[in-house]
Structure formats: C-alpha cells, structure tokens
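Structure first, then comments.
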Amino acid sequence: MTAAPKAAEMQGGSNGADELLVLAARARESRRRWWWGSRYKDRRRGAWCYLCDRWIATWSSRWPITTQAIIEIRLHRTEHVQGRLDTPAQESTER
C-alpha cells in the first residue's frame, strides 16, 4: 500500500473530488502525487497549487502548518472543485 502524500495529510481530509484534482495535476506533470504541494521560499513554507501555479497559503517554516493555512487550502480546493478558478472571466455584454 502506498502512503498518502504529505500534502494530503496536511490538508486533513479528502474525497473523490481531490482525486479528480490530482488527475488534472498529473495531466500537466505526471510525477505529481497531489494537487498541491509544500514549497519553501524566504524562510516561509507554503502551499503551492499545481493546477493554477500560484501560492495558496504560507506559514513559518519553524512551525507545523497553521489552521489558517489549512482553511485557505480547503477554500482554494473548493474554488477548483466548483470550477471558479479554471474558467476564463466572463466578458461584459453591456453596451
């Protein structure tokens, strides 16, 4: 049995929606184990989204992941699941 990715453990729960996000991340880069991963920069540790290539949350590298960071990861996940981050902005039809 394969151990769960560290990001999945840090996220604190997942379901089938996460598996779909992982498949989307792997379509872009086959070695991805989860849809987001942990990165270090300037003494800060953070969650990096492999789907939209941007920071989700940061916390001090001296401490475990914060509750606020977990909330931000889960909110970001919801945005992807609902498709709000993956669709282009609507153009205005006003004249």
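Taken over the range 1-42, residues that are of a type in the set (Lys, Arg), closer than 19 Å to Ile70 by Cα and either assigned to a loop (DSSP other than H, G, I, E, B) or in contact with an Asp or Glu (Cβ under 6 Å, 6 or more places away or on another chain) (or both) amount to 1.
Taking the residues in the range 18-65 that are acidic (Asp, Glu) and either free of Cβ contacts under 8 Å to residues at least 12 places away in the same chain or surrounded by 11 or more Cβ atoms within 10 Å (Cβ to Cβ) (or both) as candidates, determine which candidate is farthest from His76 (Cα to Cα).
Here is the first cut: in the range 18-65, the residues acidic (Asp, Glu) are 18-19, 29, 42, 53.
Remaining after also requiring either free of Cβ contacts under 8 Å to residues at least 12 places away in the same chain or surrounded by 11 or more Cβ atoms within 10 Å (Cβ to Cβ) (or both): 18-19, 42, 53.
Working: Asp18: 12, Glu19: 15, Asp42: 23, Asp53: 12 Å.
The qualifying residue farthest from His76 (Cα to Cα) is Asp42.
Scanning the range 13-50 for residues that are in contact with a strand residue (DSSP E or B) (Cβ under 9 Å, 6 or more places away or on another chain) and among the small types (Gly, Ala, Ser) yields Ala25, Gly37, Ser38, Gly46, Ala47. In the range 40-51, how many are at pLDDT 95 or above and not aliphatic (A, V, I, L, M)? Going through the range 40-51 one residue at a time, the tally reaches 4. Of the residues making up the range 51-72, just one is of a type in the set (A, V, I, L, M, F, W, C), part of a loop (DSSP other than H, G, I, E, B) and either within 18 Å of Gly13 (Cα to Cα) or touching a strand residue (DSSP E or B) at 6+ places or on another chain (Cβ under 7 Å) (or both), namely Ile65.
The values are calculated or read from the model by the stated rules, or taken from the named source; none is laboratory data. Since we're looking at a predicted model, the values are computed, not measured. Neighbour counts are summed over all protein chains in view; Cβ atoms, including those assigned to glycine, are modelled from backbone coordinates with ideal geometry.
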